[in-house]
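Single-structure report; data block below.
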Amino acid sequence: MADGSAPPGTVVAVADDLDSRVRAHLEHLAVERGLTINTLSAYGRDLGRYRVFLEARGRSGLGEVTRADVAAFLASLQGGAAASAARTMSAVRGLHRFALAEGWVGADVTDDVPPPQVPLRLPKALPLAEVEQLLAASEVEAPMALRDRALLEFLYGTGARVSEAVALDVDDVDREDRTVILDGKGGKQRLVPIGSYACRALDDYLVRLRPALARKAKSGNAGALFLNARGGRLTRQGAWTVLVAIAERAGLGGRVSPHTLRHSFATHLLDGGADIRTVQELLGHSSATTTQIYTRVTVDRLREVYATSHPRALTG
């Protein structure tokens, strides 16, 4: 135009320097995606490493970056933690996708660079004997012992996530039918049976302890199944504290996490002959692929038994 200004709708180019592109991407993540300060800081550190790497290779802008540069950066991450490398490459891919969407580059050079392989971590399930050891350690003379016993029996007896258990109200449990309605991820509900041990522990807690706790409860917490000593709803952190204390008492300190009983529930069901689809439903997994990881534990155990028992498997 005569005055030198760009026509309406024209994207005005800015200097394609790496630092400004990274800052623009982080600002987009903060404003449009609402990421937390900690997440943004992690992204900033990862992309800062990427920028330094590219500058060392003589790249001054994203438009100059090639697939070979991205592959070389990925190779430079090898030897460190696989999860950290995967997170860093996720940040790099996000930057290049953003650059393409903004029209800064003509192609996404990360498209055909294979992501780093993160080793599959097997869930840490306790052997049945250690689960029984943990549950036995909850049988003590203490003011909240009945609740603690009920909580642990419930977690192991249903495979519920800790967050699902503490969100329960008394009305969610059908003690006559021995079932519970759990609200899982994504708002999905599922009906899960409750074993006889868990039912007995819940009955003891509901009859002998919870009424006294409920008298302290404020109106908003009156229906909560698991209450704390002040009558409030037991929090996830509170449940974790209970679990850690009992694990220490049982001699299992450091080996029990909020998901340990859930993992043990799934593994022991599979060991007992339950099919993967049934366990999938009980855990509230949307895909059997997620549940499939538990079969690896069971297969390893079968191999061990075979190797030590079958006459044609023995060595020496």
Check: Considering Ala245, Ala274, which residue is assigned to a helix (DSSP H, G or I) and either modelled with pLDDT under 90 or open to solvent by 30 Å² or more (accessible area, probe 1.4 Å) (or both)?
Finding: Ala245
Check: Which residue out of Ala239, Ala212, Ala224 is among the aliphatic types (A, V, I, L, M), surrounded by fewer than 20 Cβ atoms within 10 Å (Cβ to Cβ) and out of contact with any Ser or Thr (no Cβ under 8 Å at 6 or more places or on another chain)?
Finding: Ala212
Notebook entry, point to check: Under 6 Å by Cβ, and 6 or more places apart or on different chains, what pairs join a residue from segment 139-166 that is on the phi < 0 side of the Ramachandran plot and without any contact (Cβ under 8 Å) to a residue 40 or more places away in the chain with one that is assigned to a helix (DSSP H, G or I) and open to solvent by less than 10 Å² (accessible area, probe 1.4 Å)?
Noted result: none
Next item on the list: Show the residue pairs that are 6+ apart or on different chains and have beta-carbon atoms under 6 Å apart, the first residue being within segment 16-42 and farther than 18 Å from Thr88 by Cα, the second being open to solvent by less than 60 Å² (accessible area, probe 1.4 Å) and acidic (Asp, Glu).
Entry: none
Margin query: So in segment 165-180, with the set limited to residues that are under 23 Å from His259 (Cβ atoms) and β-branched (Val, Ile, Thr), which one is surrounded by the fewest Cβ atoms within 10 Å (Cβ to Cβ)?
Written below: Thr179
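Residue-wise test of (1) crowded, with 16+ Cβ neighbours inside 10 Å; (2) assigned to a loop (DSSP other than H, G, I, E, B); (3) out of contact with any Cys (no Cβ under 6 Å at 6 or more places or on another chain); (4) modelled with pLDDT under 95.
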| site | (1), (2), (3), (4) |
| --- | --- |
| Arg147 | yes, no, yes, no |
| Gly157 | yes, no, yes, yes |
| Leu182 | yes, no, yes, yes |
| Gly186 | no, no, yes, yes |
| Tyr197 | no, no, yes, yes |
Margin query: Considering only residues that are in a helix (DSSP H, G or I) and open to solvent by 10 Å² or more (accessible area, probe 1.4 Å), which ones fall in segment 248-265?
Written below: Glu248, Arg249, His263, Phe265
Notebook entry, point to check: When you go through Arg51, Arg57, Arg23 one by one, which is the residue that is open to solvent by 40 Å² or more (accessible area, probe 1.4 Å), at pLDDT 90 or above, farther than 21 Å from Glu102 by Cβ and not β-branched (Val, Ile, Thr)?
Noted result: Arg57
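The values are calculated or read from the model by the stated rules, or taken from the named source; none is laboratory data. These numbers were taken from a predicted model, which means no experiment stands behind them. Neighbour counts run over all protein chains shown; Cβ positions are idealised from the backbone, glycine included. Each accessible area value is taken on the protein alone, full model and side chains, heavy atoms only, with ligands, DNA and RNA left out. Shrake-Rupley method; radii C 1.70, N 1.55, O 1.52, S 1.80 Å.
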